[in-house]
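Notes follow once the structure below has been shown.
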Amino acid sequence: MEHRKLYFLISLIFLLGSSIFLPSCKDEPGGGGVNFFSLEDDKAFGAQVAAEIEGDPVNYPILDSSQYPQAYAYLYAIRDSILGSGNVVHKDDFLWKLKIIEDDEVLNAFCTPGGYIYVYTGIINYLDSEDQFAGVMGHEIAHADERHSTTALTQQYGLDVLLSIILGDNKGTLVQIAQNLVNLKYSRNNESESDMRSVEYLYPTAYDARGAARFFEKIQESGGSSGPAFLSTHPNPENRVEAIIAHWESLGGKEGSEFESRYSDFKNSLP
């Protein structure tokens, strides 16, 4: 533990000493692209956040996998297809664990550093097909895979606060961070990059790699009012649809499947 503290102290000193030379990114949370955490730090931090979330059933009513084995098997099959695409950089570094949060009013999903993925029943019910869901999951996996989460959280809370949590302190802030992860604001570049990664993750699979675009089209049809904050902030849905389709075309424009029927069966298996 002492050597880790020394490492964190050196990192903090380096950050503070370099801050006057780094460009300001306060107008775009997480937009700096500078990450002072190692992969091990991402995993340790993510594990602590996951423990906080899963230890709070009032705010995060997670469906028990033993009671819904088919639903979880279905989600893990989608995850495995994405991880098997060969395009997830940290496929073998992070755990990529999945949990379903039972809350039909929350149209959201999020992924902690280190690859703990949480999806609300609200977003599951909102979507129409498996390729749309895979597109959303790919987007969230990309935030962790590209390590946007740690960068955005560092921008929001400061390096010293996050390091203190990894060292086992600052329980109160950990609770706050767990709550804020649901609607963590990423930069425009982070959101666009995750959109593109989602296309790249899905393209080698059986899915239509434009799944996320169809989700944004659904948001557009509803006037943007019913779309979740985690994907409807910026850039706007119309621009994101165009960018996703353009990237899909640049990869060759291969058609894929939507799997509407089995996605409907999955939704019906949930409470």
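Taken as a whole, the condition of being closer than 17 Å to Glu52 by Cβ, surrounded by fewer than 18 Cβ atoms within 10 Å (Cβ to Cβ) and not aromatic (Phe, Trp, Tyr) applies to Val175. Taking region 44-74 as the range and being outside any helix (DSSP H, G or I) and of a type outside the set (S, T, N, Q) as the test, the residues that pass are Gly55, Asp56, Pro57, Val58, Tyr60, Pro61, Ile62, Leu63, Asp64, Tyr68. Just to check your reading of the model, which residue among Asp104, Asp41, Asp64, Asp56 is in contact (Cβ under 8 Å) with a residue 24 or more places away in the chain, among the acidic types (Asp, Glu) and surrounded by fewer than 18 Cβ atoms within 10 Å (Cβ to Cβ)? Answer to the check: Asp56. Please tell me if Asp128 is at negative phi, surrounded by fewer than 22 Cβ atoms within 10 Å (Cβ to Cβ) and in contact with an Asp or Glu (Cβ under 7 Å, 6 or more places away or on another chain). It is true that Asp128 is at negative phi, surrounded by fewer than 22 Cβ atoms within 10 Å (Cβ to Cβ) and in contact with an Asp or Glu (Cβ under 7 Å, 6 or more places away or on another chain).
Considering only residues of region 257-271 that are assigned to a helix (DSSP H, G or I) and of a type outside the set (D, E, K, R), which is surrounded by the fewest Cβ atoms within 10 Å (Cβ to Cβ)? Per the stated criteria, the residue is Asn268.
Among the residues of region 119-156, none is identified as in contact with a His (Cβ under 6 Å, 6 or more places away or on another chain) and of a type in the set (A, V, I, L, M, F, W, C).
Counting only helices (runs of 4 or more DSSP H) that fall entirely inside region 95-187 and contain at least 3 residues that are of a type in the set (A, V, I, L, M, F, W, C) and at pLDDT below 95, the qualifying elements are 159-166, 171-180.
The values are calculated or read from the model by the stated rules, or taken from the named source; none is laboratory data. Everything numeric in this text was worked out from a predicted model, so none of it was measured. Quick reminder, even Gly has a Cβ in these numbers, built from the backbone with ideal geometry, and neighbours come from all protein chains shown.
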